[in-house]
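Participant: Submitted below is the structure of interest, expressed as structure tokens.
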Amino acid sequence: MNAYTSDKQFSRLLYTSALDIECCGEKPAETVRRIAEGAAEQNRLSDLTGSLLFVNGVFIQILEGPQDEVEKAFERICCDFRHVDVRLIDLINVSERLFEGWNMAFLSDDEMSSLALGDELQEIQFLAGVNASQATLQMRSLLDNHSAASKA
Amino acid sequence: MRVLTCLYHEHNLWIVALSALMCLVGCLASMKLFQRTFFESGTVRFQWCFLSAFTAGSAIWATHFIAMLGYRPGVPVTLGGTLTVLSALIAVGGIALGLMVAWTRNRFISVFTGGGIIGLSIAAMHYVGMFAYRADGIVRWLPEYVIASLILTVGFSALTIDRLRKTGDGKNILLPAGSFAAAIVVLHFTGMAAFTVTPLPGVQAGADSDAFLALAAAVAMVALFIIGAGLSTHLLERRTKSKSDERLRHIALHDALTEVANRRAFTEALRIECGKLDKFGRPFALLMIDLDSFKPINDTLGHPAGDIVLQKVAWRLRHAVRRGDMVARIGGDEFAVIAYGLNSEDEAAALAARIVEILGRPYIMQGQVAEIGASVGVSLAPDHGCDPGTLVQYTDIALYTAKRADERGYRLFELTMQEATQRRRLLEVDLRRACMREDFQIAYQPVIDSATGAFTGAEALLRWTCPKRGNVQPSEFIPVAEELGLISRIGAMVLKKACIDAASWPGHLDLAVNISPVQLLDPRLPQTVFQALEDSGFPAARLELEITETALLGNDEIVMRTLTELRDFGIRISLDDFGTGYSSLSYLHRFPINRIKIDKSFVQQLPADAGSASIVRAIAQLGQSLQMKITAEGIETDEQMAFIAEHGCDDVQGFLISRPIDADKIIGLFQRETSKAAA
Ligand SMILES: Cc1cc2nc3c(=O)[nH]c(=O)nc-3n(C[C@H](O)[C@H](O)[C@H](O)COP(=O)(O)O)c2cc1C
């Protein structure tokens, strides 16, 4: 599918954005949940994996998969008015997926989440601004810990 | 009268009805096909002619044949096969011939000859068919009816062609079809009136009615098949044609790259909407969108990437507008939106804000990232105008204002904008004129050595005295000149004049000339400088070019190449307004810079302001360690002078020493000093 035959067959992107408070009315949490579900649904169809964090009203999302699918999904994301201030932080080619099996893992700092999770999310939010690859790895390990905890 | 009595008394009316139906359907189909032959050309035309003749011929023949089956002569009847077939062929051939004649431009030939041939072939078919019809009785022909039938059918056929020519490719073919049906029916029944059979005594009428009915139905069916085939060919072909017409229309009204409406469609839609405004008072908003920093994408990522961005922009615009609004691409990177039924400023502002937001988001294509922004101008109909010209003009003014605002975004049209824009346009006109006439002056501000007080040179400053406006500040007209692309010409002129003036100064004095950031990006700059030096004979070693920090921002390679070339020629470079822009020490290190000029905003706060004092001190030290000369600008008081001298700035300029003065005065100043020194 790719023009080049290097082993870096996937694209991975990291962006942040802010939930548009005006659009989502009374129930921001509801809107956020719907966005996450829609994303996971769509990504299943598009062979995309990744993770979506929602912390302090800010989305931090990683999307990975075939280059053209990632680009199409990002275009969809850019056409969505439920969030604003979309900032592309990182876009790289990678040889393998980091989020294999997660069409769009979703974590948020809502009332239900533990204090520890909240702290970790905030740390990632900070990292996203300064060191994209570190933020990516942190999101990955957060997912391991968290899903282990929730399965238990 | 015999025609009607014959029809009534001697025919099976059911079969006659079938034949009439046959005739009607056949005629309608035939007319559709005839029409086609009038509009096609080349071989296709003959193919359509064949199809028409075949369909019409079958229709006529079947009408006749079925009607004959419904005829009850009261005697036994047989049909001759050969002649029956021949009669059908006559009909087909005759109509084909008639049609071909009817295509001629000459109306008379077309109608009378073409129509005549068709009429006569109908008649020939009928009478040949009659010879195939053998009745066991005494057959008698009434010649007056035969003649009448010929005249009538030729008349109706000619009328058919005539009507057909009038109808063109119009939808309504009832008239020619009716007249053609008349040609057939009238001929048939008049022809039948001409035909009488007297039964032979003793011969019983055959009871073949049922068999005839079955035969009639079979013939009708076959004929209808033929007609149906002809008609459906026509319809099918028309559908593909209308599809391709639609495709052509789509191409004509849409932008090929982005698939949104093109300029033509936009203009048309705007005109129509203004018309509706007149009639129904339906308001709407017009938005024009211009992409900021789109050109660099084409330049750096290539045109294919630029094209993808444009496609995405169009796509996003369609997302941002409301359902039914029109999005059009009206220029390279210009788009427009007509928002129907929208009339409040708030709604328009909200839509414009959505557009600015969505277009400002990042674009990625093939692993590359592009960031662009959009400026939007908005006007409302009928609040701001009711005709396309005014609306476009006002929207343009709003867009123009939006593009120039510090904070990019959207602007709704206001009348005051018009004035501002008008003022600026006039300034542009005057500036262009001044540029053409080289109507600029140069003033020189002397620079002195802070230690000795002796002149070291002067800085050339551009002055424009417009005949209408008087003195115009450089800060006002230089940005305009940059935007209009006039700055390189003006700059070249300044260089030339200043070098000529300075060539007559005493040999130890330097000349400093300002170079704008736009000029610095112009690869022809070194050539311009060398030319000015050569023409005036002024030595390169005494010329210093002053650039600003902003010029160094982000254009590393081009600027570096230009500066290096200039330095290699012996020309010195100084960094003007130091400390006000994006001061980065790495510039000083990387670029071939010989001098730093401390901005007057620091100097003027000396010596009282501690912050400014330490900045000046720091810059002076920096200069020493990087082995660059330091000039302090804007010296106005003795205290400032003393501070500067003490902290090791090499040179100073400012009102304390001298205001900028014209070329004659400065040479006087210089010569006085030289003669004083000599004395
Ligand atoms: C925060 C956020 C994250 C999103 N993530 C994804 C995503 O991962 N994949 C995707 O296809 N769309 C994503 N979307 C886009 C929307 O879900 C989009 O509206 C959806 O794909 C619907 O597409 P449609 O316009 O084809 O119906 C996201 C939108 C938002 C606001």
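The values are calculated or read from the model by the stated rules, or taken from the named source; none is laboratory data. Bear in mind the structure is a predicted one, so any value in this text is a computation, not a measurement. Backbone-built Cβ (ideal geometry, glycine too); neighbour counts: all protein chains shown. Note: accessible area is taken over every heavy atom of the protein model, side chains too, but ligands, DNA and RNA are not part of it. Shrake-Rupley method; radii C 1.70, N 1.55, O 1.52, S 1.80 Å.
Participant: Could you check B:Phe538 against (1) part of a helix (DSSP H, G or I); (2) closer than 29 Å to B:Thr674 by Cα and say which number it fails?
Facilitator: Going through the list (1) part of a helix (DSSP H, G or I); (2) closer than 29 Å to B:Thr674 by Cα, B:Phe538 breaks only (1).
Participant: Here are A:Cys24, A:Cys78: which of them is hydrophobic (A, V, I, L, M, F, W, C), within 11 Å of the ligand (Cβ to nearest atom) and within 30 Å of B:Ala305 (Cα to Cα)?
Facilitator: On the way: A:Cys24 fails: within 30 Å of B:Ala305 (Cα to Cα).
That would be A:Cys78, the only listed residue that is hydrophobic (A, V, I, L, M, F, W, C), within 11 Å of the ligand (Cβ to nearest atom) and within 30 Å of B:Ala305 (Cα to Cα).
Participant: Hey, which of the strands (runs of 3 or more DSSP E) in the range B:339-441, taking only ones fully inside, have at least 2 residues that are within 14 Å of another protein chain (Cβ to nearest Cβ)? Explain how you work it out, then say what you get.
Facilitator: Values: elements: B:363-365, B:368-370, B:373-381, B:410-412.
Correct list: B:363-365, B:368-370, B:373-381.
Participant: Quickly run through the range A:66-83 and pick out the residues that are in a helix (DSSP H, G or I), open to solvent by less than 20 Å² (accessible area, probe 1.4 Å) and facing chain B (nearest Cβ under 7 Å). I'd like the intermediate steps shown before the answer.
Facilitator: Within the range A:66-83, the subset in a helix (DSSP H, G or I) is A:67-78.
Cutting the leftovers down to open to solvent by less than 20 Å² (accessible area, probe 1.4 Å) gives us A:70, A:73-75, A:78.
Correct list: A:Phe74, A:Glu75, A:Cys78.
Participant: B:Arg404 - would you say it is open to solvent by 70 Å² or more (accessible area, probe 1.4 Å) and farther than 22 Å from B:Val327 by Cα? Walk me through it before giving the result.
Facilitator: On the way: open to solvent by 70 Å² or more (accessible area, probe 1.4 Å): yes; farther than 22 Å from B:Val327 by Cα: yes.
Against the criterion (open to solvent by 70 Å² or more (accessible area, probe 1.4 Å) and farther than 22 Å from B:Val327 by Cα), B:Arg404 qualifies.
Participant: Right, something else. Which residues, counting only those in the range B:520-550, are within 36 Å of the chain's Cα centre (by Cα) and open to solvent by less than 10 Å² (accessible area, probe 1.4 Å)? Walk me through how you get there before you give the answer.
Facilitator: So in the range B:520-550, the residues within 36 Å of the chain's Cα centre (by Cα) come out as B:520-524.
Of everything in the range B:520-550, just one residue is within 36 Å of the chain's Cα centre (by Cα) and open to solvent by less than 10 Å² (accessible area, probe 1.4 Å), namely B:Leu520.
Participant: Within the range B:495-512, identify whether any single residue is buried (at least 20 other Cβ atoms within 10 Å of the Cβ) and under 42 Å from the mean Cα position of the chain (by Cα), and answer yes or no.
Facilitator: No, because not a single residue in the range B:495-512 is buried (at least 20 other Cβ atoms within 10 Å of the Cβ) and under 42 Å from the mean Cα position of the chain (by Cα).
Participant: Within the range A:86-119, which residues are under 15 Å from the mean Cα position of the chain (by Cα), more than 9 Å from chain B (Cβ to nearest Cβ) and either surrounded by fewer than 16 Cβ atoms within 10 Å (Cβ to Cβ) or charged (D, E, K, R) (or both)?
Facilitator: A:Asp90, A:Arg97, A:Glu100, A:Gly101, A:Asp109
Participant: Let me ask something additional. Determine if the range B:429-442 includes at least one residue that is among the aromatic types (Phe, Trp, Tyr), more than 30 Å from the chain's Cα centre (by Cα) and open to solvent by 20 Å² or more (accessible area, probe 1.4 Å). Reasoning before the result, please.
Facilitator: Within the range B:429-442, the first condition is being among the aromatic types (Phe, Trp, Tyr), and the residues that meet it are B:440.
Still in the running and more than 30 Å from the chain's Cα centre (by Cα): B:440.
This time we only want the ones that are open to solvent by 20 Å² or more (accessible area, probe 1.4 Å), so: none.
No, the range B:429-442 has no match at all.
Participant: Could you tell me which residue of the range A:42-65 is nearest to the ligand (Cβ to nearest atom), considering only residues that are touching a residue at least 12 places away in the same chain (Cβ under 8 Å) and outside any strand (DSSP E or B)?
Facilitator: Among those that are touching a residue at least 12 places away in the same chain (Cβ under 8 Å) and outside any strand (DSSP E or B), it is A:Gln42.
Participant: Only one of these is acidic (Asp, Glu) and closer than 26 Å to B:Ala458 by Cβ: B:Asp577, B:Asp556, B:Asp609. Name it. Step through it out loud before you land on a result.
Facilitator: Details: B:Asp556 fails: closer than 26 Å to B:Ala458 by Cβ; B:Asp609 fails: closer than 26 Å to B:Ala458 by Cβ.
When all the criteria are applied, what remains is B:Asp577.
Participant: Can you report the number of residues in the range B:52-90 which are assigned to a helix (DSSP H, G or I), over 17 Å from B:Phe189 (Cα atoms) and of a type outside the set (S, T, N, Q)?
Facilitator: 11
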